[in-house]
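Below: one structure, written as structure tokens.
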Amino acid sequence: MRVEFLPSSVPASDAQFLVSYLVNEAVAIDGGSLGLLADLDRQAAVRHVFLTHAHLDHIATLPILLENTYEPGPECVELLGSAAVLECLRRDVFNGRVWPDFFALSTQADRFVRGTPLEAGVPVERAGLTVTPVPVSHCLDTLGMLVDDGRVAVAFPSDTGPTVEFWRRIAACPRLAAVFLECSWPESMAALAAETGHLCPSTFAAEVRKLDRDVRWIVVHRKARYATEIGRDLAALGLENVELVRPGLAYEF
Ligand SMILES: [Zn+2]
Ligand SMILES: [Zn+2]
């Protein structure tokens, strides 16, 4: 399985402002920066976008992606998310004011977009991957994703504070190779992390211990202004198998 955490700064750097992962080029988890891919063929290759929640850093360039990939005909990008996320996109983004209503403009013969509701715990198969959405504990309903190609599995818990069900679900997966886990705030802002449904280094470490598996832990979602401090805090904890994400790197699992 090939996973790339897309860069989101200009020029590309390790700073993370937006969230999106490409899996085997055809499937994406979240749409923070998909529409910024300079190679339009890579944008067009993205057929299925799984959305964890509708916070802006996770959906920011979906409107641009859909515009860039539109061609007359029935083929289009599929957006998969909870009913609440799809409703939010319709009402708050594709509403004829922020952006054209691509849902209303889509007909059977000529589509801009297709929305598919996800149910928590119910796996979906797309492009040779089985994607299982599992609830996590953010400040609004959010689905983490477990992506399994039958040989190897990778977990994307998305934005979350301390959580339970997600770890229970992925602990049952024998092929798990890596977890892209957030650590949004430094230890000095632990109260803010707790209040906003995010992790700081000490709660990150507690989540790692909950799963207790020999997998790669790849740290994402460090708030840009505090990224260095978070990295220092994490290093001081001496956790094994923990590494900072490298945006733009093609991870092979
Ligand atoms: Zn969020
Ligand atoms: Zn976020």
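The values are calculated or read from the model by the stated rules, or taken from the named source; none is laboratory data. None of the values given here were measured: they were computed from a predicted structure. Ideal geometry is used to build each Cβ from the backbone, glycine not excepted, and the neighbour counts take in all protein chains shown. With ligands, DNA and RNA removed, areas are computed over all heavy atoms of the protein, side chains included. Shrake-Rupley method; radii C 1.70, N 1.55, O 1.52, S 1.80 Å.
Just so you know, in the range 201-226 the residues that are in a loop (DSSP other than H, G, I, E, B) and more than 22 Å from Ser8 (Cβ to Cβ) include one that is farthest from ligand 2 (Cβ to nearest atom), and it is Asp214. The strands (runs of 3 or more DSSP E) falling completely within the range 1-93 that include 1 or more residues that are among the charged types (D, E, K, R) and closer than 22 Å to Ala120 by Cα map to 77-81. Working only within the range 125-154, note down all residues that are under 16 Å from the mean Cα position of the chain (by Cα), more than 16 Å from ligand 2 (Cβ to nearest atom) and of a type in the set (A, V, I, L, M, F, W, C). Residues satisfying the conditions are Leu129, Val131, Val134, Leu146, Val147, Ala153, Val154. Every test in (1) closer than 18 Å to Gly81 by Cα; (2) open to solvent by 50 Å² or more (accessible area, probe 1.4 Å); (3) under 23 Å from the mean Cα position of the chain (by Cα) is passed by Trp99 save one, and that test is (1).
For the range 102-112, name all the residues that are buried (at least 16 other Cβ atoms within 10 Å of the Cβ) and either assigned to a helix (DSSP H, G or I) or without any contact (Cβ under 8 Å) to a residue 24 or more places away in the chain (or both).
Here is the first cut: in the range 102-112, the residues buried (at least 16 other Cβ atoms within 10 Å of the Cβ) are 102-103, 106, 111-112.
Scanning the range 102-112 gives Phe102, Phe103.
Just one of the numbered conditions (1) away from ligand 2 (no atom under 12 Å from the Cβ); (2) crowded, with 18+ Cβ neighbours inside 10 Å is not true of His198: (1). Taken over the range 9-62, the residue count meeting the criterion of being open to solvent by 30 Å² or more (accessible area, probe 1.4 Å), in contact (Cβ under 8 Å) with a residue 40 or more places away in the chain and within 16 Å of ligand 1 (Cβ to nearest atom) is 5.
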